[in-house]
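What follows draws every value from the coordinates through simple rules; no lab data is involved. Owing to the predicted nature of the structure, the values given are computational and were not obtained by experimental measurement. Here the Cβ positions follow ideal geometry from the backbone for every residue, glycine too, while neighbour counts run over all protein chains shown.
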Ligand code: ACO
C-alpha cells in the first residue's frame, strides 16, 4: 500500500504521457516542444477533446464557439460581489464557475473552458476598482484574456507567451487535480462538478499553488549573492523549496524549459525581466547544488512552477492569481480526462485498509 498511490496505474488514457525518467511529456502524439510555442491553446484543447465530445466541430468552428462562450460567461461577472472579492482569486473564480449548469455536451465544455479566462481578469480588475472589460470573441483565447486583464491589445509575442504557458500546462497525465476530476466524472456527476474538483485539488501548494510563493521567495532572496544563505536557512527550518521536486520527474521537468524559453523571448523587450531572470537563474543554480546535498538519494530538479512564476509576473498577473491562470490551461485536460473516464462508464472506487480498533467484544 502506498499513501500517495505512487506507481499505481489508475486509468488508461490516450491524452498524455509523462516519462519521469527521461523528462518527456507527450500530448496526444505530440511532444511538448512540438506544440508549446507552435499551437494556440484553443487548438490544443480541441485536440485533447477529439473523440470525446459528441458533435465536436472542426478546430476553427470550435475556436469560434469558445469565443462566443467567453461572451456568454461575461454575463456572470456581476455575480462577483464584495464577499467574493475578499477571497483569493482562485476561490472567487471557483465560486462563479459553480453557477455553470452541469452537463456533458459541447456547450458545457466551451463554457467551462471560457470561464477562468473571463472571470479571472474581471475579478482582478474589480478588486482594483476598475471596470471589467468585455471579451472579443474573434481574438485568440490568450490574447483575449490579456486584453480583458489590461485593456490593451497585447503584442503578438506577449499573447504568444501566455499561449505557450496555457499549452504547456494543458494536460499532464494523472496528476492530483486530474485524478480528482476523473473520480468525480466516474460518478456521472457532470463536467462542471469535475472541473470544480480539479480546481479544489490544484490550489494546494504541493500542486498548483506553488508559483505564488515562488515570487515571495525571489523577493525575499532579492540578490543573486543572497540565494545560497537564504536557501540554506529555509531548508534548515524544514521548509520545502517551492518550484523544485516532482513526484514523477526524476530529471528536469521539460515544461520548465518551455517556459524558460518563453521568458527569455519576453526578456528581450523588457527593462525589468532580464534582472529577474538573472536572479531566478542564480536561485536555480544554488538550489540544485544545495538540494543535492540536502537529499542525496532523491534527485530534486526544477519543476514547471518555477519559471511559471516569472512568466505570469511579467504578463501582469499578481502572484495570488497564478494558480487560477494555471487552471485556465489545465481545464482543457480536466475536461478531456473527465469525458474519457465518463465514457468508460466505470465508477472509481478503490479500497482502504482499516487499521483502527476492532469493536469491543459483547459482554
Ligand atoms: N524542497 C525541499 N525538500 C523537498 C522538496 C523541495 N522542493 N521536494 C521534496 N523534498 C524532500 C521531501 O521533504 C522528502 O524528504 P523526507 O524524506 O525527509 O520527508 C524527500 O525530498 C522526498 O520527497 P518525495 O517523496 O520525492 O517528494 P513527493 O513526491 O512526495 O513530492 C512534491 C513532490 C510535492 C512536488 C515536492 O517535491 C514538493 O513539495 N515540492 C515543492 C512544491 C512544488 O514545487 N509544487 C509544485 C509541483 S509541480 C505541479 O504540481 C504542477
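Taking each pair of distinct Cα atoms in the stretch 106-241 once, what is the resulting Kirkwood hydrodynamic radius in Å?
Answer for the stretch 106-241: a Kirkwood hydrodynamic radius of 17.7 Å.
Between residue 285 and residue 19, what FRET efficiency follows from the Cβ-Cβ distance if R0 is 25 Å, with the result rounded to 0.05?
Computed FRET efficiency for residue 285 and residue 19 comes out at 0.50.
Based on the alpha-carbon gyration tensor of the stretch 211-314 and its eigenvalue square roots a ≥ b ≥ c, which shape applies: rounded if a/c is under 1.5, prolate if not and a/b is larger than b/c, or oblate?
Details: a/c = 2.09, a/b = 1.33, b/c = 1.56.
Verdict is oblate for the stretch 211-314.
Provide 82, 320, 105 in ascending order of the number of other Cβ atoms located within 10 Å of each residue's Cβ, fewest first.
Ascending Cβ contact count within 10 Å gives the list 82, 105, 320.
Per DSSP H run of at least 4 residues, take -39500 (n - 2.57); add these up for the chain, divide by its residues and hand me the 222 nm value, nearest 500 deg cm²/dmol. Spell out each step's value before the answer.
Details: 16 runs with 200 residues, N = 363.
It comes out at -17500 deg cm²/dmol, rounded to the nearest 500.
In whole Å, what three semi-axes, largest first, describe the equivalent ellipsoid of the stretch 29-146 built from its Cα gyration tensor (square root of 5 times each eigenvalue)?
In descending order the semi-axes read 26, 16, 13 Å.
Given the chain, report the % of alpha carbon pairs whose separation exceeds 39 Å. Don't skip to the end; give the middle numbers.
Numbers: 9797 of 65703 pairs.
In whole percent, the long-distance tail amounts to 15.
Can you put 16, 271 in order, fewest other beta carbons within 10 Å first? It would help to have the intermediate numbers written out before the result.
On the way: 16 23, 271 7.
Ranked by crowding around the Cβ, least crowded first: 271, 16.
Between residue 223 and residue 101, what length in nm is gained on full extension when 0.36 nm per residue of separation is reduced by their alpha carbon distance?
Computed gain between residue 223 and residue 101 is 39.1 nm.
Using alpha-carbon pairs under 8 Å, 6+ residues apart, how would you state the relative contact order of the chain in percent?
24 percent
Rounded to the nearest 0.05, what FRET efficiency is calculated for residue 252 and residue 358 with R0 set to 45 Å and r the Cβ-Cβ distance?
Efficiency, from the Cβ-Cβ distance: 0.40.
Gap in Å between the Cα centre of the stretch 211-290 and the Cα centre of the stretch 306-363?
25 Å
Taking 0.36 nm per residue of sequence separation and subtracting the Cα-Cα distance, how much length would be gained by fully extending the chain between residue 237 and residue 86, in nm to one decimal?
51.2 nm
Of 289, 111, how do they rank once you tally other Cβ atoms within 10 Å and put the fewest first?
The fewest-first ordering by Cβ neighbours comes to 289, 111.
What do the square roots of 5 times the Cα gyration tensor eigenvalues come to for the stretch 1-51, in whole Å, largest first, as semi-axes of the equivalent ellipsoid?
After scaling each eigenvalue by five and taking roots: 25, 14, 8 Å.
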